[in-house]
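Notes for the one structure printed next.
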Amino acid sequence: MCGLREALPEDVTSLITLTLSFSGFEVFKLKDLLIYSCLSLLWLSTMSDTSVGPEHLISKWLEAKEFLVVGKSVSRIDALSKALGTAKYTEDYLMSEALFIKQVLSPEPHAIIKSVDVSGALRIPGVARVFTASDIPGINQVGYALPDQPLLAERKVRYVGEVVALVAASDYEKALRAAEEVRVGYEPLPHILDPLEAMERSDVLIHEEAGSNIAFRTKVRKGDVVEGFSKSDVIVENEYRTHHQDHIYLETEAALAIPDMEGRVTIIGGIQYPHLARDITAKVLGIPSSFVKVVVPYVGGGFGGKDDEGPLAAAKAGLVAYLTKKPAFILYSREESIIIHPKREAAIIRYKSGASGDGKLQAIEVTIIHDTGAYANRSPFILWRATMHSSGPYEVPNARVDGYAVYTNKVYEGSFRAFGNASIQFAVERQMDQLADKLGMDPIEFRLKNILEPGKYTVTGQLLDHSVGVGDAVRKLAEVSEWRRKYEEYKKFNKASDRFKRGIGIGVAWHGISTSRGVPDWSNSYVKIEKDGSVTVFTGITEIGQGSPTSSHIQIVCELLGVSPNHVKVVFGGTDAPDAGATHASRGTSIGGIGVLVAAAKLRERLVSLAASMLNVSPEDVVLRDEKAQVKNDPTRYVSWKDLVKEAMSRGVELSATGYFFLPKGKFDDTVGQGFAYPAYSYIAIVSEVEVDTWTGQVRVLKVWPALAAGRIINPQQVEGQVEGAVVQGMGYVLMEQLIFDEKGRILNPDLTDYVIPTIRDIPEIAKPVYVEDVFKYGPFGAKGVGEMALIPMPATLSNAVANALGVNVTRLPLTPENILKLLGKVRG
Amino acid sequence: MKITFKVNGEPVTMDVKPNELLINVLRDKLKLTGTKYVCGIGECGACTVLLDGEPILSCLTLAVDVNGREVTTIEGISKGDELSEVQEAFVEEGAIQCGYCIPGFIIMGEYLLRIKQKPTEDEIKEYLRGNLCRCTGYVNIIKAIKKASELKISKTK
Ligand code: FES
Ligand code: FES
């Protein structure tokens, strides 16, 4: 819907100049019909793109050396309407006749629902209806990985903030008042907030049907850790703790459902995966998926949170609209957003690692416990990712890793940029620094002795055959950040300075491309060339701020078809487009872009072949650029793009194509956690410099140096934006952001006054990233994922820098002034 | 209560409740949806508009208080389709990601560059510290303000 709002600037036809001056073309057009038809048939018979597989098309573009627009900082097209204030987000589509939905939340962490009395609410004029679990016509089950979660609480509640009922009224005030009038009778049950306690206890079960409070387990068994530790000259062992983080996307969750548009329930909402939101809504309503349409307009930030909560908001609005036959609108208040939606994992990680005197890692033994909260949601995937990344980007011959996702009566765990990986890389990298210290080695030198390279095996025993640029990234980073010099200099500085201490730290991380647990992953897109030569691209990838459909997708089309960006319209984020998978896991460009590339490449093959026949050259000698098909070494001989398209239409050349690509994956054995985990990994290393005020406990980040090995950089400006944004979001997590829970697991700071995120005053200087373009064989032009990357090593790099500054062991986050003073022994911990 | 005020140069008259907030009048009644509601408690700056040229938070301002005055929203910053220097610089410098915070930043940028032609980095941070952005890390927003200042100066030369 919104995608359609940004029409081509003015009239496209007036922008395309007709080029009919090429005499050969004119002559060709004058040939008589018979010859023309024969030629066409002959030419058509030489078309072979049906036999060209997507892998072939992808690899052809992987090898390209020169590019028209790839690798350039092209401005994203949505920036214009966003600067003008005309870009539309969900709330901007609100219609006055829509019913407002207010959620009734549980004040109890664990209780049986004895009764729900809605009579008081219904007495308020303007209240249309109150909905509880029993009103759901389809299936009240929205658990993502496990079938453990209702949309509206049924029989019992499991955390403070769980949604028990929905109230729909003619305006916001009435809905609010009515929600307060819904009387729910609870019979409290004993509740558990501590995951360690939850693991031990079987007398209190948060999900009785699970038989224990452990929702999911993971493991890795590689080599023999006993032998590995016996070969180790140094061993380090610690318990690490990380905390929850809220996404604080500026736009809270919202959805507008229209009951009967095009004969379907249509939902406009802030969602990261329209097809998932559609399927969940259809299941709740008990109707076929094809009778639900989801449109995702611009989204005011996602960061993973709207991958989890977006579909639930959609289903709630869908339910009310479907049952009342009126448009229905839900908008979470900031407080509701923070109380209800899933958070970054809070983890307890016990980590033991050993290395031999020559600086080689010999063994790791790791236990990862995720405080999963009330529902499993994606925690099986988050925990799996953490487990399979538990070695860091290093080669370890012997590993024993056990992961547990544990239910507690708190807000549940969910997707957040870095997806289980920021906490584990924090533990890994703290260990690496301490091992290096015990070995008397420089931290970077020690890392490089163990770093993954092509030909090495990961902790899951997967052979890395290509696209492993992390070693080069770390080496270059050490150079540009002047690591060695500063490392020594800060020691001197700290000796001389009493109050302020400076430190430098590094965090290196890896992040598997594509979905976890071997879940099938694919890309899909539909591209068509219109009569006037403009190009329309359909994709299910959404625009949540990352800009893939509004920048890299357009660059891919322009690169392949030689058209101007002004003539490419990407219709994104809707279920009427092919399912391109979710906009999560840094896959918008790296996976979402593959389908666009394959579809555009198919069209290109057809048109190049046609142009070759028109220009009397072989297809290899045709170049598409500047809205022309021209002869490679003689740009004066060309057919204009518009004429080429016309010709294609008159000769029966299909001008639309789908680009479907199924990502090849290998086998994985869950019983030992060995095998193929991910098709490739993106890598990042970040060096940071901090200054700690030992009187106040304040940590100031002075400068951050990122180095990225994420394959081809399609748009440096967009990549830098992702890196900078992730650095600051990660810094906020490490230094200031913290949810406070009371004894019932209630969040005490659900607003922007008490949950503090970085402002423009808090940011460090961020150096231009170092890029190592270690191309990935299935990525568009070799691109790997970027969006999450820079957040992943932030806990690692900052805590290493703080430990370096203060000479203390950092094992817990956040590094708030209070916790720094505890570390210094200035206040009691 | 009946109030009359100017929005982006156009006079409007309407009935409002005494407790009605300016942001709701702008967004719901006047359909000027460029101004965003994020926190409602004065913590984020996304709802910033200009009142007689001075920045105010429309989520904390009563509609009755703008009676007889002039409000400028993000929709009133460009001249038709022609972007202001601040808008142009935000687009060019990659300062816009999800865009939800952007109207607030652009309004503040306009105000800042009107009172200070060439603000220092510290001044930029001082004036924009009340505006939250969760996407960009602010780096390119600072670059954009600097660039806008240059653009403005070069145009007046
Ligand atoms: S919405 Fe007004 S300051 Fe946040
Ligand atoms: S661009 Fe998304 S909040 Fe600023």
Just reorder A:495, B:152, A:156 by solvent-accessible area, largest first, 1.4 Å probe, all chains present. A:495, B:152, A:156
In order through the stretch A:410-426: 3J(HN,Hα) via Karplus (6.51 cos²θ - 1.76 cosθ + 1.60), integer Hz, x for Gly, Pro: 10, 3, 8, 7, x, 6, 8, 2, 4, 6, x, 8, 5, 5, 6, 5, 4
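I want to verify the translational diffusion coefficient of the stretch A:473-536 in µm²/s; compute it with Stokes-Einstein, Rh as the Kirkwood radius over Cα pairs, at 20 °C and 1.002 mPa s.
Values: Rh = 17.5 Å.
The diffusion coefficient I find is 123 µm²/s.
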Report the charge-dipole magnitude of the stretch A:180-338 in Debye, nearest 20, computed about the Cα centre from +1 at each Lys and Arg Cβ and -1 at each Asp and Glu Cβ. 860 debye
In nm, the gap between the two label points placed 7 Å beyond Cα toward Cβ at residue A:358 and residue A:204 is 5.3 nm
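Need one number for the stretch A:669-770: average projected area of the convex hull over its C-alpha atoms, nm².
Values: hull surface 45.1 nm².
With the hull built on Cα positions only, its mean projection is 11.3 nm².
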Just how far, in whole angstrom, is the stretch A:600-664 from the stretch A:58-133 if you go by their alpha carbon centroids? 40 Å
Separation of the stretch A:259-330 and the stretch B:55-77 by C-alpha centroid, Å? 34 Å
DSSP loop GluC sites (Glu not before Pro) with at most 15 other Cβ within 10 Å: longest gap in chain A: A:263-481
When the Karplus curve 6.51 cos²θ - 1.76 cosθ + 1.60 is applied with θ = phi - 60°, which whole-Hz ³J(HN,Hα) does each residue of the stretch A:432-442 get, with x for Gly and Pro? 4, 5, 6, 5, 4, 4, 5, 7, x, 10, 5
Measure of exposure for residue B:14: accessible area at 1.4 Å probe, Å² rounded to 10, is 30 Å²
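What's the Cα-based Rg to Rh of the stretch B:1-155, Rh via Kirkwood?
Values: Rg = 15.3 Å, Rh = 15.7 Å.
Ratio of gyration radius to Kirkwood radius: 0.97.
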Determine the dipole magnitude for the stretch B:85-156: charges of +1 sit on the beta-carbon of Lys and Arg, -1 on that of Asp and Glu, nothing else is charged, the reference point is the Cα centre, and the result goes in debye to the nearest 20. 80 debye
Restricting the stretch B:67-120 to chymotrypsin sites (Phe, Trp or Tyr not before Pro) in coil, as DSSP defines it, with at most 14 other Cβ within 10 Å: none
Taking H as built 1.01 Å from N, whose amide H comes closer than 5 Å to the amide H of residue A:294, not counting residues under 5 places away? A:267, A:575, A:576
Rg and Dmax of the stretch B:85-156, using alpha carbons, in Å: what are they? 10.9, 34
Principal axis dimensions, the stretch A:471-578 - Cα atoms, whole angstrom, descending: 73, 37, 28
Kirkwood Rh over alpha-carbon pairs of the protein assembly as shown, then Stokes-Einstein at 4 °C and 1.567 mPa s: what D in µm² s⁻¹, rounded to an integer? 44 µm²/s
Inverse of mean 1/r across different Cα pairs in the stretch A:369-449, Kirkwood, Å: 14.0 Å
What do you get for Rg/Rh of the stretch A:557-664 when both radii come from the Cα atoms and Rh is the Kirkwood radius? 1.03
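Given the C-alpha atoms of the stretch B:8-57, compute the convex hull and give its volume per residue in Å³. Walk me through the numbers before you get to the answer.
Values: hull volume 4.6 nm³, N = 50.
About 93 Å³ per residue, rounded to a whole number.
Which of A:231/A:449; A:88/A:628; A:768/B:157; A:174/B:17; B:125/B:152 have a Cα-Cα distance over 23 Å? Each step should come with its number before you reach the end.
On the way: A:231/A:449 17 Å; A:88/A:628 34 Å; A:768/B:157 32 Å; A:174/B:17 16 Å; B:125/B:152 19 Å.
Distance filter (> 23 Å) returns A:88/A:628; A:768/B:157.
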Give me the Kirkwood hydrodynamic radius of the stretch A:254-409 in Å, from all C-alpha pairs, to one decimal place? 18.0 Å
Karplus couplings for the stretch A:115-121 from phi (6.51 cos²θ - 1.76 cosθ + 1.60, θ = phi - 60°), rounded to Hz, Gly and Pro as x? 7, 10, 10, 9, 4, x, 5
Once the whole set of protein chains is in place, how much accessible area is left on residue A:127, using a 1.4 Å probe, in Å² to the nearest 10? 20 Å²
P(r) over all Cα-Cα pairs of the stretch A:330-476, 5 Å bins from 0 to the longest distance, whole percent per bin, short to long, reads 2, 10, 17, 18, 17, 13, 9, 6, 5, 2, 1, 0, 0
With the calculation restricted to Cα positions, what are the radius of gyration and Dmax of the stretch A:237-313 in angstrom? 15.7, 61
Antiparallel bridges, percent of DSSP beta bridges restricted to the protein assembly as shown (to nearest 5): 80 percent
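Sorting A:823, A:624 by accessible area (1.4 Å probe), largest first, what list results?
Values: A:823 60, A:624 5 Å².
Heavy-atom accessible area, descending, gives A:823, A:624.
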Scan around residue A:272 for amide H atoms under 5 Å from its own, H built in the peptide plane at 1.01 Å from N, and keep only partners 5 or more places away or cross-chain. A:307, A:310
Pairwise burial B:A, computed as accessible area of each alone minus the pair, summed, 1.4 Å, Å²: 3900 Å²
May I ask for the Kirkwood hydrodynamic radius of the stretch A:198-335, worked out over all distinct Cα pairs and given in angstroms to one decimal? 18.5 Å
Might you work out the accessible area of residue A:389 for me, using a 1.4 Å probe with all protein chains in place, and round it to the nearest 10 Å²? 0 Å²
Using the Cα centre of chain A as origin and beta-carbon charges of +1 (Lys, Arg) and -1 (Asp, Glu), tell me which of A:730, A:228, A:750 is placed farthest towards the positive end of the dipole. A:228
Peptide-level mean, for A:86-96, of C-beta atoms on other protein chains within 10 Å: 3
Suppose only helical runs count, i.e. DSSP H with n ≥ 4. What mean residue ellipticity at 222 nm does that imply for chain A under -39500 (n - 2.57) per run, divided by all residues and rounded to the nearest 500 deg cm²/dmol? -9000 deg cm²/dmol
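The values are calculated or read from the model by the stated rules, or taken from the named source; none is laboratory data. Everything numeric here is computed off the predicted structure, so don't read it as measured data. Reconstructed Cβ throughout: ideal geometry from the backbone, glycine too, with neighbour counts over all protein chains shown. What goes into the accessible areas is simple: the full protein's heavy atoms, side chains included, and nothing from ligands, DNA or RNA. Shrake-Rupley method; radii C 1.70, N 1.55, O 1.52, S 1.80 Å.
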